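Inspection log for the structure reproduced underneath, given as structure tokens.
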Amino acid sequence: MKIQYFKKDAEIIKEGTLSDCAYIIESGSVEVSKKQPNEEKQIIAILSENDIFGEMGLIDGLPRSATVVALEDCSITIMTQETFNHLAQHNPQALM
């Protein structure tokens, strides 16, 4: 797993894009939102340190269901499909 840094207002995930990793917030906070049919933004959640997002992309492989934007400078660990699969096989408790 590697750590990536995002500046305030950076788009981390865009709704509808392909998914291939999950994210664990090491520091900072993010806003999770979806576009409504009328193009208005609906805020779903505010996530912060130790929260995980994007994990469904590792499980179902479907496009991203929401947009995630940094609310402040963030340090985020990226979990790839390979890392996820390794944990699932060798240490499933770690995924809980």
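Structure notes:
- Percent carbon-and-sulfur accessible area, the chain, ignoring ligands, DNA and RNA, probe 1.4 Å: 52
- Residue-count net charge about ILE12 - beta-carbon cut-off 11 Å; Lys, Arg +1, Asp, Glu -1: 0
- Among the protein heavy atoms, those of PHE6 account for about 30 Å² of accessible surface (1.4 Å probe, every chain in place).
- Anisotropy class of the chain from Cα gyration tensor, a/c 1.5 cut: oblate
- Scalar couplings 3J(HN,Hα) for the range 50-60, obtained by applying the Karplus form with A = 6.51, B = -1.76, C = 1.60 to θ = phi - 60°, are 6, 7, 10, 9, x, 5, 5, x, 6, 8, 9 Hz; x denotes Gly and Pro.
- Anchor LYS41: aspartates and glutamates whose Cα lies under 12 Å away (excluding residues fewer than 8 positions away in-chain): GLU15, GLU31
- Spin-label model distance (nm) - MET56 vs LEU71, 7 Å beyond Cα toward Cβ: 2.0
- Reachable lysines, given that their alpha-carbon falls under 21 Å from the alpha-carbon of LYS2 and they are not under 8 places away in the same chain: LYS14
- HIS86 paired with SER27, simple spin-label distance in nm, labels 7 Å along Cα-to-beta-carbon: 2.5
The values are calculated or read from the model by the stated rules, or taken from the named source; none is laboratory data. If you're wondering where the values come from, they're calculated on a predicted model, not measured in any experiment. Here the Cβ is made from the backbone with ideal geometry for all residues, glycine too, and neighbour counts use every protein chain on show. Surface areas here come from the heavy atoms of the whole protein model, side chains and all, with no ligands, DNA or RNA. Shrake-Rupley method; radii C 1.70, N 1.55, O 1.52, S 1.80 Å.
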